[in-house]
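Here is the structure we will look at.
The values are calculated or read from the model by the stated rules, or taken from the named source; none is laboratory data. Bear in mind that the values here come from a model prediction, so they are computed numbers and not experimental data. Cβ placement follows ideal geometry from the backbone for every residue including glycine, while neighbour counts extend to all protein chains displayed. These accessible areas exclude ligands, DNA and RNA; they are computed on the full protein's heavy atoms, side chains included. Shrake-Rupley method; radii C 1.70, N 1.55, O 1.52, S 1.80 Å.
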Amino acid sequence: VKKRIEELRALLHYHNYRYYVLDQPEISDAEYDRMLRELISLEQQYPEFITPDSPSQRVGGEVAKEFREVAHLKPMYSLDNAFGPEDLKEFDRRVRSLLPGQEVEYEVELKIDGLAISLVYENGVLVRGATRGNGTTGEDITANVKTIKAIPLKLRNPIPLLEVRGEAYMPKESFARLNEQREERGEPLFANPRNAAAGSLRQLDPKVTAERDLSAFMYAIGEVQGYEPKTQAELMEWLSELGFKVNPYREVFNNIDDVINYCQSWHEKRFSLPYVIDGLVIKVNSLAQQEALGFTAKSPRWAIAYKFPA
Ligand SMILES: COc1nc2nc(N)nc(N)c2nc1C
């Protein structure tokens, strides 16, 4: 029985990864649900075999009274904003003036309009989820992030410790459907997918969060033991190999003019995406150079958010 339970768990983790992280399912929903029901019934007969990272543990039972406050392993910071090409050129001048005589590459990512979250994995198992909060402490939303199927309960490589950051978001489709439902029930509508995602994650009842079809893209590391990436681009590949959903639109440029062109190309393209973005994030690609540049009081000197004109 233990063998069958472990086999079912591995299968369900794999198919969850295929469907919710890669968007490339190999089996039908019905087949997935049948396996999950078999696992849940076996675990009910043999509860001693239940583990916290079992696919059956995604939706917790109890409703929390309020959110516990938790301290981030490393402070979560916010980004300075650039509102146009001139701001980006200024950012580039500042970076290069602080790295005299060095080549500088920029890695550019989309900026998802959602809610920043932090996830902690110990030996490859998800042990905590939190909101950014004030950057030093956030709200413990572990039960709620476990319901997000794009977030792995167990990593494909059990590294000792990882604190990873990303953006939880509600796809445009899910947002439209949710507001239709609320309309029918005479409930107040959410103004936009970002508010809907925030409202869905800060639910005291995880079963409500589980119904909201949330997803998440991961994009940075806070604390890590067992891995030393050299560049942001490599870091993103590594997160993807670990089983995280990582946004595929990432480019590396060695000059700010190409960065500007790429950012401006997304003014229109963004409307064809299945999720809302409010800009792009430009990061110095070399992690050694990020280290050298450091932080101001509240944000990194080595990154900036390019915001679309409203
Ligand atoms: C390095 O710090 C960050 N990187 C980010 N990257 C992306 N793609 N989106 C963000 N919202 C973001 N936010 C922060 C604070």
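Within the set of pairs 6+ apart or on separate chains, which have a first residue in segment 150-175 that is over 27 Å from R194 (Cα atoms) and more than 13 Å from the ligand (Cβ to nearest atom), a second that is of a type in the set (G, A, S) and open to solvent by 10 Å² or more (accessible area, probe 1.4 Å), and C-beta atoms under 7 Å apart?
I159/G226; P160/G226
I need every pair where a residue in segment 244-266 that is farther than 17 Å from W302 by Cα and in contact (Cβ under 8 Å) with a residue 24 or more places away in the chain has its Cβ under 6 Å from the Cβ of a residue that is away from the ligand (no atom under 12 Å from the Cβ) and open to solvent by less than 10 Å² (accessible area, probe 1.4 Å), sequence separation at least 6 or different chains.
K245/A150
Of the conditions (1) crowded, with 21+ Cβ neighbours inside 10 Å; (2) within 16 Å of the ligand (Cβ to nearest atom), E234 satisfies every one except a single condition; which number is it?
Here E234 clears every test but (1).
Quick test of your reading of the structure: T142 fulfils all but one of (1) of a type in the set (S, T, N, Q); (2) closer than 15 Å to P206 by Cα; (3) touching a residue at least 60 places away in the same chain (Cβ under 8 Å). Name the failing condition by number.
All conditions pass for T142, except number (3).
This table checks each residue for (1) within 18 Å of the chain's Cα centre (by Cα); (2) open to solvent by less than 20 Å² (accessible area, probe 1.4 Å); (3) farther than 30 Å from N16 by Cβ.
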site	(1), (2), (3)
G84	no, yes, yes
D87	no, no, yes
R94	no, no, yes
L98	no, no, yes
G133	yes, no, no
G138	yes, yes, no
I141	yes, yes, no
V145	yes, yes, no
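Filter segment 287-310 down to the residues that are away from the ligand (no atom under 14 Å from the Cβ) and farther than 24 Å from R132 by Cβ and list them by number.
A288, A292, P309
Would you check if there is a residue in segment 272-281 being at pLDDT below 95, more than 20 Å from E234 (Cα to Cα) and in a loop (DSSP other than H, G, I, E, B)?
no
Could you count how many residues in segment 205-260 are small (G, A, S) and under 30 Å from E66 (Cα atoms)?
Selection size over segment 205-260: 5.
Rundown of residues vs (1) touching a residue at least 12 places away in the same chain (Cβ under 8 Å); (2) open to solvent by 80 Å² or more (accessible area, probe 1.4 Å); (3) among the β-branched types (V, I, T); (4) touching a His at 6+ places or on another chain (Cβ under 6 Å), yes/no style:
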position: N16; (1), (2), (3), (4): yes, no, no, no
position: Y19; (1), (2), (3), (4): yes, yes, no, no
position: S28; (1), (2), (3), (4): no, no, no, no
position: R37; (1), (2), (3), (4): no, yes, no, no
position: I50; (1), (2), (3), (4): no, no, yes, no
position: G61; (1), (2), (3), (4): no, no, no, no
position: V70; (1), (2), (3), (4): yes, no, yes, no
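Only one residue in F253, F271, F308 is exposed (fewer than 11 other Cβ atoms within 10 Å of the Cβ) and either of a type in the set (F, W, Y) or within 19 Å of the chain's Cα centre (by Cα) (or both), so which one is that?
F271
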